[in-house]
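Inspection log for the structure reproduced underneath, given as C-alpha cells.
The values are calculated or read from the model by the stated rules, or taken from the named source; none is laboratory data. Predicted model only: the values in this text are computed from it and were never measured. Glycine gets a Cβ as well: all are built from the backbone with ideal geometry, and neighbour counts include every protein chain shown.
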Amino acid sequence: MTLAGRVAVVTGGTRGIGAVFVDALERAGATVAVVGRSASRFAADVGDADSVARVKEAIESELGTPQILVNAAGVFGPIEPLLRSDPSAWVETIRVDAIGPYLTCRAFAGGMVDAGWGRIVNVSSAASLHPPGPLGSAYATAKVALNQLTRHLASELEGTGVTANVMHPGDVKTDMWADIREQALALGPEGEGLRQWVDWVAETGGDPPQKAADLLLRIVESDVNGRFLWIDEPLQPPLPSWGEDGGLRPWNA
C-alpha cells in the first residue's frame with residue numbers, strides 16, 4: 001500500500017514498538033511526526049493537555065493535518081501489590097497509558113472527521129484480557145480503560161470515514177520487557193508468574209516486531225472499526241475480547 005501524502009502521528013515513536021511503527025509508515029510513504037518526551041522535533045508529554053495542544057499546533061503548522069494517529073507511548077508502571085504500591089507511580093501509569101491516548105485522540109480526530117478519512121490505532125495489551133493477578137494492576141487497568149475508550153470513540157466515528165481500533169503487538173522483546181525482567185528478578189515468590197513470562201519471551205525470542213508493523217498497515221488500509229486486533233500467528237493465542245454486536249441492551253434489543 002502507499003500512504004504518500006498522508007501525515008501520521010506516532011506517540012512513543014522514539015523507541016521500542018513505536019519506532020518500528022514509524023519506520024513502517026515512512027516506508028509506506030507517510031510523513032511521520034514522531035512524538036515523545038525525547039523526540040527531537042515534536043517533544044511532548046502525552047499525558048499533559050497543554051503539552052498535547054502545543055505539539056498539535058506544531059505538527060499541523062509544519063506538516064499539515066494528520067490522518068493517522070498511532071498511540072504507542074506507554075509505561076508498565078509499578079510491579080507490586082496494589083496495597084503496597086506507590087500512588088504517584090500508579091497514577092502516572094494511568095496518565096500515560098490511558099489519559100495520553102484520550103488527549104491525543106481528542107486533539108487529532110476532529111481534523112480527520114473534517115477530511116472524511118482517518119485511522120486511529122491505540123496500542124493495547126493482552127494484559128487487559130488476562131485474569132487479574134496480584135501484580136501490575138496499574139498497567140492492566142490502564143489498558144482496559146484504553147480498550148473501552150477506543151470502543152466509545154469508534155462508536156462516535158461510525159460513518160465518518162474515520163476508524164479507531166486497539167491492537168496487541170505481540171509479546172515483543174522491547175525496553176519495556178527488559179524493565180519488567182529487572183523488576184521481576186527483584187521480587188520474591190509473588191513475582192514467579194512474571195518471571196515465567198519473561199523467561200518464555202527470552203526462550204522463544206518473542207514475537208517479531210515486523211508482525212506488529214504489518215498489522216498496523218493492514219488496519220490503516222482497512223475499514224475495520226472498534227475492534228481488538230492481533231498479529232498473525234502470535235506466540236500467545238488470541239484471547240476473546242468482545243462480540244461483534246457489542247452487547248445488546250434489554251431496552252433496545
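Points to keep in mind about this one:
- Of 143, 173, all but one fail to be closer than 18 Å to residue 89 by Cβ and among the basic types (Lys, Arg); the exception is 143.
- Residues of region 148-175 that are within 13 Å of the chain's Cα centre (by Cα) and either surrounded by fewer than 20 Cβ atoms within 10 Å (Cβ to Cβ) or hydrophobic (A, V, I, L, M, F, W, C) (or both): 148, 149, 164, 166, 167.
Let's see how each residue does on (1) more than 30 Å from residue 134 (Cα to Cα); (2) among the basic types (Lys, Arg):
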| residue | (1), (2) |
| --- | --- |
| 152 | no, no |
| 162 | yes, no |
| 174 | no, no |
| 177 | no, no |
| 218 | yes, yes |
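- Residue ID - nearest to residue 181 (Cα to Cα), chosen from residues in region 61-87 that are part of a strand (DSSP E or B) and in contact with a Phe, Trp or Tyr (Cβ under 6 Å, 6 or more places away or on another chain): 70
- One residue from 39, 98, 19, 4 being out of contact with any strand residue (DSSP E or B) (no Cβ under 6 Å at 6 or more places or on another chain), in contact (Cβ under 8 Å) with a residue 24 or more places away in the chain, in a helix (DSSP H, G or I) and among the hydrophobic types (A, V, I, L, M, F, W, C): 98
- Scanning region 196-240 for residues that are under 30 Å from residue 116 (Cα atoms) and of a type in the set (Val, Ile, Thr) turns up 219, 220, 224, 231.
- Checking 20, 7 one by one, the residue that is of a type in the set (Val, Ile, Thr) and within 27 Å of residue 183 (Cβ to Cβ) is 20 and no other.
The rows are residues; the columns are (1) in a helix (DSSP H, G or I); (2) at pLDDT below 95.
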| residue | (1), (2) |
| --- | --- |
| 148 | yes, no |
| 155 | yes, no |
| 163 | no, no |
| 191 | yes, yes |
| 215 | yes, no |
| 232 | no, no |
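- Within region 29-38, the residues that satisfy the criterion of being surrounded by fewer than 18 Cβ atoms within 10 Å (Cβ to Cβ) and small (Gly, Ala, Ser) are 29, 38.
- Within region 172-221, tally of residues that are without any contact (Cβ under 8 Å) to a residue 40 or more places away in the chain and among the small types (Gly, Ala, Ser): 6
- Of the residues making up region 167-189, those that are more than 20 Å from residue 70 (Cβ to Cβ) and assigned to a helix (DSSP H, G or I) are 178, 179, 180, 181, 182, 183, 184, 185, 189.
- In region 106-146, residue farthest from the chain's Cα centre (by Cα) [restricted to those that are among the basic types (Lys, Arg) and in a helix (DSSP H, G or I)]: 106
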